[in-house]
Amino acid sequence: MHAHDTICHSAEHVLAAAIIKLYPGAQITMGPKDHSDGFYYDVDIGRPVTPEDLGVIEAEMATIIKSKTPFEKSELTKSEAAQLFKKLGQKYKLEILDWIPEPTVTIYKNGDFIDLCRGPHLPDTSKIGAFKLLGVSGSYWRADKNREMLQRISGVAFGSQKELEDYFYKIEEAKKRDHRKLGPQLDLFSISDPLIGPGLVTWLPKGARVRVAIEDYLRDMHFKHGYEMVFSPHIAKSDLWKTSGHWEFYRDSMFSPMDVDGQEYVLKPMNCPFHILAYQNKPRSYRELPFRYAEFGTVYRYELAGVMHGLMRVRGFTQDDAHLFCRWDQIDEELDRVIGFVITILNQFGFSKFEVNLSTRPDKYVGELAEWNKAEASLKRAIERHNLTYQVDEGGGAFYGPKIDIKLRDCLDRLWQCSTVQLDFNNPERFHLTFVNSEGQQEQPVMIHRALLGSLERFMGILIEEHAGALPFWLAPEQVRILTIADRHLDYARKLEQTLIQAGFRVHVPAGSDKLGAKIRDAQMAKAPLMLVIGDKEIEQQGATVRTRSGEDLGFMSESALIAHCKTL
């Protein structure tokens, strides 16, 4: 457990101790497994918890923290623990106790509160530097609507007051940057139109400009890195998904089948089976490998209404997907190329801080143990050759192969899962993939799934929030806005617009007759990186006075100087 997790876990027990003291007979249930986002307890104090209660609970927690109450660990048999919690009147703890298969359990005590817990905790409560309760919400016991309704009291804790203040600064900053607000404001996308359906995105012209810029860059980079682009259908017969295993293992996330001429078809949730069939299109020789197939493939996944979130989690999205088919003796080189490619792409979009996880063989797996060991060793060597710090998630791999996840860290220190490199021992077997090796024998290739940005929709949301909507020049949907002082300057402005468009830039001349000050404000609200002001002097000298969206005045530039300047941005 990380240091911050330990602080939050300890604060969680302080919360329960405060509730036990303030509300005799209160029932305490469970907190979260992962404390990276704070802490909570689901409780029952015999009535709804009010905002006034939160203030009283906070005050009591502060008293407990100042008292330096130790966290005391003990080990009991299940029978002893059952007697203890019966005496304490904690019925939910008795139910939790029944779930534990081990004959003994560990408990932690701080003050009057005792809980089933593996720990770890801080030495005493005074080591909690700062905390704040965030609110209260309803929660069913065990997430079962037929069970008891509880109250979830949540909060955050840190080692110092400054960390707590930084946390709330980031929360407020995240609200300002929320892509769900900025995207529609900037005319980038619309979502959840009642006539379309929830979780289905419409890219508006400005958003489409950004997406085209991203795709053009990625397509060019893929070709330079030895990939071939493919295109696959949006639907396929259910037989394909039964062969791939998705029908068995992924059915709940797939849309319902549709009947076409008596055959069962399904919207695709993945692109991989199509790329496998592209490889299988004809016999392959070891001399031809590796094959690298890439696609901006739109997939459809049935997400529950409660989990969809702007562009971050939708029902239809486009993956920058690729699948590589290679020989075992090529695996190290291919993994090096893939990881280098991932880092290059993320750097281009302004991200340089990453968290890397290597997920290894789970208890249930397909393929040979020797292949798993070899694959995990190759993934580890590739990470280390790129000098990336990483953590090993033992047993965290999929049943069909180990993987590398590369999460980017944004300006608010949030982690986003984007890039994945996944080996697959399942599909080559299911589809009977082969190539003829150097000895004339049939051999099964190694298959690698690879995503750079992941979902283009999700990455667009990340970009909007990273830049607070003010995208860098090369991605901005409107790179240059030309502003005229008077209507008589429009003809030259439109001529300059065409000159810049022909030079490869995205340019707009507004049609309104507002005063210049209003036009500048509109351009700043639209977050156009450059504003070109056109008046009599600019027409006479065949150029424009240049302003940036931050308000910097770059002075007059001729047409040729303008083009040269834009090419440097």
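The values are calculated or read from the model by the stated rules, or taken from the named source; none is laboratory data. Please read all numbers here as calculations on a predicted model, not as lab measurements. No Cβ is skipped: glycine too gets one built from the backbone with ideal geometry, and neighbour counts run over all protein chains shown. Ligands, DNA and RNA are stripped out before the accessible areas are found, and what is left, the full protein with its side chains, is counted by its heavy atoms. Shrake-Rupley method; radii C 1.70, N 1.55, O 1.52, S 1.80 Å.
Tabulated values for the structure
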| item | result |
| --- | --- |
| 1.4 Å probe accessible area per residue over the chain, in Å² | 48 |
| With 5 Å bins from 0: P(r) over the stretch 319-425, alpha-carbon pairs, percent | 2, 12, 23, 24, 20, 11, 5, 2, 0 |
| Alpha-carbon centroids, the stretch 468-516 and the stretch 233-256: separation in whole Å | 47 |
| Asp220 - accessible surface, heavy atoms, 1.4 Å probe, Å² rounded to 10 | 70 |
| The chain: calculated mean residue ellipticity at 222 nm from DSSP helix runs of at least 4, using -39500 (n - 2.57) | -11000 deg cm²/dmol |
| Long-range HN-HN contacts of Gly297 with modeled amide H, under 5 Å | Gln319, Asp321 |
| Whole-Hz couplings from phi, Karplus 6.51/-1.76/1.60, listed for the stretch 517-527; x for Gly and Pro | x, 5, 5, 5, 4, 4, 5, 5, 5, 7, 6 |
| Rounded percent of accessible protein surface that carbon and sulfur make up, the chain, 1.4 Å probe | 51 |
| Out-of-range pairs (alpha-carbon distance over 30 Å; input Lys86/Lys162; Lys33/Lys364; Lys93/Lys132; Lys181/Lys515; Lys109/Lys132) | Lys86/Lys162 |
| Built amide H within the under 5 Å cut-off of Arg506, gap 5+ | Gln479, Val480 |
| Interatomic Cα distance distribution for the stretch 213-268, bins of 5 angstrom, percent | 4, 16, 19, 15, 9, 11, 16, 7, 1 |
| Percent antiparallel among DSSP beta bridges (both partners in the stretch 268-394, rounded to 5) | 75 |
| Kirkwood hydrodynamic radius of the stretch 115-220, Cα pairs, Å | 18.9 |
| P(r), alpha carbons of the stretch 480-561 - 10 Å bins starting at zero, rounded % | 20, 59, 22 |
| The stretch 263-349: C-alpha pair distances exceeding 19 Å, % | 57 |
| Electrostatic dipole magnitude of the stretch 264-410 [Cβ: Lys, Arg +1; Asp, Glu -1; Cα centre; debye, to 20] | 220 |
| Residue order for Lys515, Lys567, Lys181, Lys403 - accessible surface, 1.4 angstrom probe, largest first | Lys515, Lys567, Lys181, Lys403 |
| Under 15 Å from the Cα of Lys21 - aspartates and glutamates, other chains or at least 8 residues apart | Glu12, Asp44, Asp53, Glu58, Glu60, Asp112, Asp115 |
| Set of aspartates and glutamates with alpha-carbon distance to Lys407 below 17 Å, sequence-local pairs under 8 removed | Asp37, Asp320, Asp321, Glu355, Glu384, Asp393, Glu457, Glu465, Glu466 |
| Other-chain or far-sequence residues with amide H under 5 Å of Leu122's (modelled H) | Ser10 |
| Geometric extent, Cα atoms of the stretch 186-314 - Rg, Dmax (angstrom) | 17.5, 53 |
| Positive-end residue, the chain charge dipole about Cα centroid, Cβ charges, pick of Val56, Met149, Leu423 | Val56 |
| Taking N as its residue count, the alpha carbon Rg of the stretch 400-474 over 2.2 N^0.38 Å | 1.65 |
| Karplus 3J(HN,Hα) series, Hz, for the stretch 147-157 with 6.51 cos²θ - 1.76 cosθ + 1.60 (x for Gly, Pro) | 9, 5, 7, 10, 10, 9, 9, 10, x, 10, 9 |
| All Cα pairs of the stretch 177-240, percent lying beyond 15 Å | 69 |
| Cα point-scatterer Debye curve for the stretch 1-140, base-10 log of I(q)/I(0) at q = 0.12 Å⁻¹ | -0.45 |
| Cleavage-rule hits, GluC sites (Glu not before Pro), the stretch 362-466, DSSP coil, Cβ neighbours within 10 Å at most 13 | Glu368, Glu394, Glu439 |
| Order of exposure, largest accessible area first, which applies to Cys411, Cys272 with probe 1.4 Å | Cys411, Cys272 |
| Percentage of interatomic Cα-Cα distances in the chain larger than 48 Å | 28 |
| The stretch 366-379 - phi-based ³J(HN,Hα) in whole Hz, Karplus 6.51/-1.76/1.60, Gly and Pro as x | 10, x, 8, 4, 4, 5, 4, 4, 5, 5, 5, 5, 5, 4 |
